[in-house]
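Report on one structure; see the data block that follows.
The values are calculated or read from the model by the stated rules, or taken from the named source; none is laboratory data. None of these values were measured; they are calculated from a predicted model. Using ideal geometry, Cβ is built from the backbone for each residue, glycine included, and neighbour counts are taken over all protein chains shown. Surface areas here come from the heavy atoms of the whole protein model, side chains and all, with no ligands, DNA or RNA. Shrake-Rupley method; radii C 1.70, N 1.55, O 1.52, S 1.80 Å.
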Amino acid sequence: MKNIFISYSPKDARPMQLLQDSLVRGGFKPFIDPAPRPGMDWRLDIDEAIIHADAVVVVVTPNSSESVYVTYEWSLALGLGIPVVPIIYRTAKLHPRLANFPGFDINAWKDEYQFWDYVVVELKRMSAPGGPLYRNPSQAASIPNAPAASILPPPAPVPVNRTPQVDRSIMPDKPGYWVVIRRGPNTNMMYRLEGAVVNIGREPTNDIPIQHGEMSRHHFRLIFQGNAYAIEDLGSTNGTLVNGVRPTTIMPLIPGCLLSIGDAIVLSYEVVA
(Lines give C-alpha, C1' and ligand atoms only; values in the text may rest on other atoms or scores of the structure.)
Protein backbone atom coordinates (compact mmCIF):
# COMPACT_ATOMS: atom_id res chain seq x y z
CA MET A 1 0.00 0.00 0.00
CA LYS A 2 1.43 3.36 -1.04
CA ASN A 3 -1.33 5.74 -2.12
CA ILE A 4 -3.59 6.87 0.71
CA PHE A 5 -6.52 9.25 0.35
CA ILE A 6 -7.16 11.30 3.51
CA SER A 7 -10.85 12.02 4.02
CA TYR A 8 -11.39 14.83 6.52
CA SER A 9 -13.34 18.00 7.27
CA PRO A 10 -11.59 21.27 6.32
CA LYS A 11 -12.34 22.35 9.88
CA ASP A 12 -9.89 19.69 11.11
CA ALA A 13 -6.70 20.95 9.48
CA ARG A 14 -4.43 20.05 12.41
CA PRO A 15 -4.98 16.26 12.52
CA MET A 16 -4.98 16.12 8.71
CA GLN A 17 -1.60 17.88 8.55
CA LEU A 18 -0.07 15.71 11.30
CA LEU A 19 -1.32 12.56 9.59
CA GLN A 20 -0.10 13.73 6.20
CA ASP A 21 3.38 14.53 7.55
CA SER A 22 3.61 11.16 9.33
CA LEU A 23 2.57 9.28 6.21
CA VAL A 24 5.20 11.07 4.11
CA ARG A 25 7.90 10.21 6.66
CA GLY A 26 6.71 6.60 6.57
CA GLY A 27 7.10 6.36 2.80
CA PHE A 28 3.41 6.65 1.89
CA LYS A 29 1.92 8.96 -0.74
CA PRO A 30 -0.98 10.80 0.91
CA PHE A 31 -3.60 12.65 -1.10
CA ILE A 32 -5.94 15.37 0.19
CA ASP A 33 -8.62 17.41 -1.56
CA PRO A 34 -6.93 19.33 -4.38
CA ALA A 35 -7.27 23.06 -4.96
CA PRO A 36 -9.81 23.56 -7.75
CA ARG A 37 -8.32 24.47 -11.14
CA PRO A 38 -10.02 26.98 -13.46
CA GLY A 39 -12.53 25.25 -15.69
CA MET A 40 -12.23 21.91 -13.84
CA ASP A 41 -14.73 20.15 -11.61
CA TRP A 42 -12.92 19.34 -8.34
CA ARG A 43 -15.24 16.36 -7.77
CA LEU A 44 -13.60 14.59 -10.71
CA ASP A 45 -10.19 14.97 -9.06
CA ILE A 46 -11.49 13.48 -5.82
CA ASP A 47 -13.19 10.57 -7.58
CA GLU A 48 -10.04 9.82 -9.57
CA ALA A 49 -7.87 9.97 -6.44
CA ILE A 50 -10.12 7.57 -4.54
CA ILE A 51 -10.35 5.17 -7.47
CA HIS A 52 -6.54 4.92 -7.61
CA ALA A 53 -5.99 4.86 -3.83
CA ASP A 54 -4.75 1.78 -2.02
CA ALA A 55 -6.73 2.84 1.06
CA VAL A 56 -8.90 5.70 2.35
CA VAL A 57 -8.14 6.98 5.85
CA VAL A 58 -11.03 8.84 7.52
CA VAL A 59 -10.20 11.38 10.24
CA VAL A 60 -13.23 11.00 12.50
CA THR A 61 -14.37 14.12 14.38
CA PRO A 62 -17.78 15.71 15.02
CA ASN A 63 -17.11 17.87 11.95
CA SER A 64 -16.32 14.99 9.61
CA SER A 65 -19.19 12.86 10.97
CA GLU A 66 -21.62 15.58 9.88
CA SER A 67 -19.92 16.23 6.51
CA VAL A 68 -21.77 14.87 3.48
CA TYR A 69 -18.52 15.18 1.53
CA VAL A 70 -16.60 12.92 3.91
CA THR A 71 -19.46 10.42 3.90
CA TYR A 72 -19.47 10.45 0.10
CA GLU A 73 -15.71 9.81 -0.04
CA TRP A 74 -15.61 6.75 2.20
CA SER A 75 -18.89 5.44 0.74
CA LEU A 76 -17.40 5.64 -2.76
CA ALA A 77 -14.35 3.75 -1.51
CA LEU A 78 -16.52 1.00 -0.03
CA GLY A 79 -18.50 0.77 -3.25
CA LEU A 80 -15.23 0.20 -5.11
CA GLY A 81 -13.95 -2.29 -2.53
CA ILE A 82 -11.09 -0.02 -1.42
CA PRO A 83 -10.02 -0.50 2.24
CA VAL A 84 -11.29 2.18 4.63
CA VAL A 85 -9.48 2.93 7.91
CA PRO A 86 -11.19 5.20 10.48
CA ILE A 87 -9.01 7.25 12.84
CA ILE A 88 -10.96 8.64 15.80
CA TYR A 89 -9.42 12.00 16.61
CA ARG A 90 -12.36 13.45 18.53
CA THR A 91 -15.26 11.51 20.05
CA ALA A 92 -18.10 11.56 17.53
CA LYS A 93 -21.03 9.49 16.38
CA LEU A 94 -19.41 6.78 14.28
CA HIS A 95 -21.33 5.49 11.29
CA PRO A 96 -22.15 1.77 11.75
CA ARG A 97 -20.32 0.88 8.54
CA LEU A 98 -17.11 2.54 9.72
CA ALA A 99 -17.33 0.69 13.04
CA ASN A 100 -16.84 -2.60 11.17
CA PHE A 101 -13.36 -1.71 9.94
CA PRO A 102 -10.02 -1.84 11.77
CA GLY A 103 -8.98 1.62 12.92
CA PHE A 104 -7.30 3.74 15.57
CA ASP A 105 -8.41 5.86 18.53
CA ILE A 106 -6.23 8.73 19.73
CA ASN A 107 -8.13 8.95 23.02
CA ALA A 108 -6.08 6.07 24.40
CA TRP A 109 -2.83 8.02 23.91
CA LYS A 110 -1.23 10.80 25.94
CA ASP A 111 1.32 11.84 23.31
CA GLU A 112 -0.26 12.89 20.01
CA TYR A 113 2.93 12.65 17.99
CA GLN A 114 3.63 9.11 19.23
CA PHE A 115 0.09 8.20 18.20
CA TRP A 116 0.63 9.28 14.59
CA ASP A 117 3.94 7.40 14.42
CA TYR A 118 2.13 4.33 15.74
CA VAL A 119 -0.58 4.70 13.10
CA VAL A 120 2.00 4.68 10.31
CA VAL A 121 3.77 1.61 11.72
CA GLU A 122 0.45 -0.24 12.02
CA LEU A 123 -0.63 0.74 8.51
CA LYS A 124 2.58 -0.82 7.21
CA ARG A 125 1.91 -3.98 9.20
CA MET A 126 -1.75 -4.18 8.16
CA SER A 127 -0.88 -3.71 4.50
CA ALA A 128 1.82 -6.38 4.49
CA PRO A 129 1.04 -9.77 2.87
CA GLY A 130 -1.53 -11.54 5.04
CA GLY A 131 -2.64 -8.32 6.74
CA PRO A 132 -6.27 -7.06 6.71
CA LEU A 133 -5.41 -4.25 4.26
CA TYR A 134 -3.15 -6.21 1.92
CA ARG A 135 -3.88 -5.96 -1.79
CA ASN A 136 -2.03 -8.00 -4.36
CA PRO A 137 -0.14 -5.59 -6.67
CA SER A 138 -1.51 -7.45 -9.67
CA GLN A 139 -5.00 -6.35 -8.63
CA ALA A 140 -4.13 -2.67 -8.24
CA ALA A 141 -5.13 -1.71 -11.77
CA SER A 142 -8.55 -3.34 -11.46
CA ILE A 143 -11.38 -2.87 -9.00
CA PRO A 144 -10.38 -4.76 -5.84
CA ASN A 145 -12.50 -6.83 -3.52
CA ALA A 146 -13.82 -5.51 -0.24
CA PRO A 147 -11.44 -5.61 2.77
CA ALA A 148 -11.58 -8.64 5.03
CA ALA A 149 -13.06 -6.63 7.90
CA SER A 150 -16.25 -5.83 5.96
CA ILE A 151 -19.39 -7.63 7.12
CA LEU A 152 -20.81 -7.44 3.60
CA PRO A 153 -19.85 -9.74 0.73
CA PRO A 154 -17.31 -8.29 -1.72
CA PRO A 155 -19.03 -6.11 -4.32
CA ALA A 156 -18.94 -6.96 -7.99
CA PRO A 157 -16.42 -5.06 -10.14
CA VAL A 158 -17.70 -1.58 -10.91
CA PRO A 159 -17.12 0.11 -14.27
CA VAL A 160 -15.56 3.54 -13.89
CA ASN A 161 -16.68 6.28 -16.28
CA ARG A 162 -16.06 9.99 -16.55
CA THR A 163 -18.76 12.30 -15.27
CA PRO A 164 -20.80 13.68 -18.19
CA GLN A 165 -20.49 17.34 -19.13
CA VAL A 166 -23.70 19.33 -18.63
CA ASP A 167 -24.84 22.94 -18.52
CA ARG A 168 -25.56 23.95 -14.91
CA SER A 169 -26.10 27.65 -15.58
CA ILE A 170 -29.77 27.30 -14.62
CA MET A 171 -30.05 26.58 -10.90
CA PRO A 172 -32.82 26.55 -8.28
CA ASP A 173 -32.89 29.68 -6.15
CA LYS A 174 -35.18 28.67 -3.29
CA PRO A 175 -33.87 26.85 -0.18
CA GLY A 176 -34.15 23.09 -0.20
CA TYR A 177 -32.98 19.89 -1.85
CA TRP A 178 -33.51 19.64 -5.59
CA VAL A 179 -33.21 17.35 -8.58
CA VAL A 180 -32.76 19.11 -11.93
CA ILE A 181 -33.04 17.40 -15.32
CA ARG A 182 -29.84 18.36 -17.16
CA ARG A 183 -30.28 16.05 -20.14
CA GLY A 184 -33.36 14.23 -21.35
CA PRO A 185 -37.10 15.00 -21.39
CA ASN A 186 -38.01 18.45 -20.04
CA THR A 187 -34.42 19.68 -19.74
CA ASN A 188 -33.88 22.10 -16.80
CA MET A 189 -37.11 21.01 -15.13
CA MET A 190 -36.58 21.35 -11.35
CA TYR A 191 -38.09 19.14 -8.68
CA ARG A 192 -37.92 20.08 -5.02
CA LEU A 193 -37.37 16.97 -2.89
CA GLU A 194 -39.81 16.55 -0.03
CA GLY A 195 -40.35 13.60 2.23
CA ALA A 196 -38.14 10.83 3.56
CA VAL A 197 -38.26 8.82 0.31
CA VAL A 198 -38.56 10.13 -3.25
CA ASN A 199 -39.17 7.57 -6.02
CA ILE A 200 -38.01 8.27 -9.58
CA GLY A 201 -38.88 6.22 -12.66
CA ARG A 202 -40.90 5.94 -15.85
CA GLU A 203 -44.26 5.18 -14.25
CA PRO A 204 -46.56 8.17 -13.59
CA THR A 205 -47.03 6.90 -10.02
CA ASN A 206 -43.44 7.90 -9.12
CA ASP A 207 -42.82 11.08 -7.15
CA ILE A 208 -40.71 12.28 -10.09
CA PRO A 209 -41.87 10.58 -13.31
CA ILE A 210 -39.47 10.73 -16.26
CA GLN A 211 -41.04 9.07 -19.26
CA HIS A 212 -38.16 7.78 -21.35
CA GLY A 213 -37.28 4.37 -22.73
CA GLU A 214 -34.00 4.16 -20.81
CA MET A 215 -35.79 4.63 -17.49
CA SER A 216 -37.15 1.59 -15.69
CA ARG A 217 -40.69 1.73 -14.32
CA HIS A 218 -39.26 2.22 -10.84
CA HIS A 219 -35.63 3.16 -11.46
CA PHE A 220 -34.19 4.50 -8.20
CA ARG A 221 -35.13 6.27 -5.02
CA LEU A 222 -33.66 9.04 -2.91
CA ILE A 223 -33.63 8.51 0.85
CA PHE A 224 -33.19 11.36 3.32
CA GLN A 225 -30.48 10.49 5.86
CA GLY A 226 -29.50 13.01 8.52
CA ASN A 227 -28.95 16.20 6.56
CA ALA A 228 -28.77 14.97 2.96
CA TYR A 229 -30.27 12.52 0.50
CA ALA A 230 -28.75 9.19 -0.51
CA ILE A 231 -29.49 7.15 -3.63
CA GLU A 232 -30.52 3.50 -4.01
CA ASP A 233 -30.93 1.85 -7.39
CA LEU A 234 -34.04 -0.35 -7.49
CA GLY A 235 -32.62 -3.05 -9.74
CA SER A 236 -33.11 -0.97 -12.86
CA THR A 237 -32.29 -2.37 -16.29
CA ASN A 238 -29.80 0.34 -17.32
CA GLY A 239 -28.51 1.09 -13.83
CA THR A 240 -27.68 4.48 -12.30
CA LEU A 241 -24.26 6.17 -12.19
CA VAL A 242 -23.31 8.75 -9.58
CA ASN A 243 -20.54 10.94 -10.98
CA GLY A 244 -19.65 8.07 -13.29
CA VAL A 245 -19.62 5.39 -10.57
CA ARG A 246 -22.27 2.71 -10.16
CA PRO A 247 -23.25 2.44 -6.46
CA THR A 248 -23.52 -1.10 -5.09
CA THR A 249 -25.22 0.00 -1.88
CA ILE A 250 -27.09 3.10 -0.68
CA MET A 251 -24.72 5.98 -1.51
CA PRO A 252 -24.91 9.46 0.06
CA LEU A 253 -25.09 12.30 -2.44
CA ILE A 254 -23.07 15.51 -2.40
CA PRO A 255 -24.38 18.80 -3.80
CA GLY A 256 -23.77 19.10 -7.52
CA CYS A 257 -23.27 15.39 -8.22
CA LEU A 258 -24.68 14.01 -11.46
CA LEU A 259 -27.00 11.02 -11.76
CA SER A 260 -26.82 9.33 -15.17
CA ILE A 261 -29.20 6.83 -16.73
CA GLY A 262 -27.66 5.56 -19.94
CA ASP A 263 -26.46 8.31 -22.28
CA ALA A 264 -29.79 10.07 -22.67
CA ILE A 265 -30.70 11.17 -19.13
CA VAL A 266 -28.61 13.15 -16.65
CA LEU A 267 -29.95 14.66 -13.43
CA SER A 268 -28.14 16.86 -10.95
CA TYR A 269 -28.60 16.91 -7.19
CA GLU A 270 -28.57 20.47 -5.88
CA VAL A 271 -28.79 21.92 -2.36
CA VAL A 272 -29.74 25.54 -1.72
CA ALA A 273 -29.07 26.73 1.84
* Asked: Does the stretch 180-273 come out rounded, prolate or oblate, given a ≥ b ≥ c as the square roots of the eigenvalues of its C-alpha gyration tensor, rounded meaning a/c under 1.5 and, failing that, prolate meaning a/b above b/c?
  -> rounded
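Relative to the present Cα-Cα distance, how much length would full extension add between W109 and V197 at 0.36 nm per residue of separation?
Length difference between fully extended and current span is 27.4 nm.
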* To do: Kindly list the residues of the stretch 96-132 that lie in the label zone of N3, defined by a backbone N under 18 Å from the point 7 Å along the Cα-to-C-beta vector.
  => 127
* Asked: In straight Cα distance, which lysines are under 26 Å from K174, not counting same-chain residues fewer than 8 positions off?
  -> none
* Relative packing of 94-104, 212-222, which averages over residues the other C-beta atoms within 10 Å, highest first -> 212-222, 94-104
* Asked: Would you list E112, E270, E194 from the most to the least accessible area, probe 1.4 Å?
  -> E194, E112, E270
* Structure fact -> So, with points 7 Å from each Cα along the Cβ direction, the K124-I170 label distance in nm works out to 5.7 nm
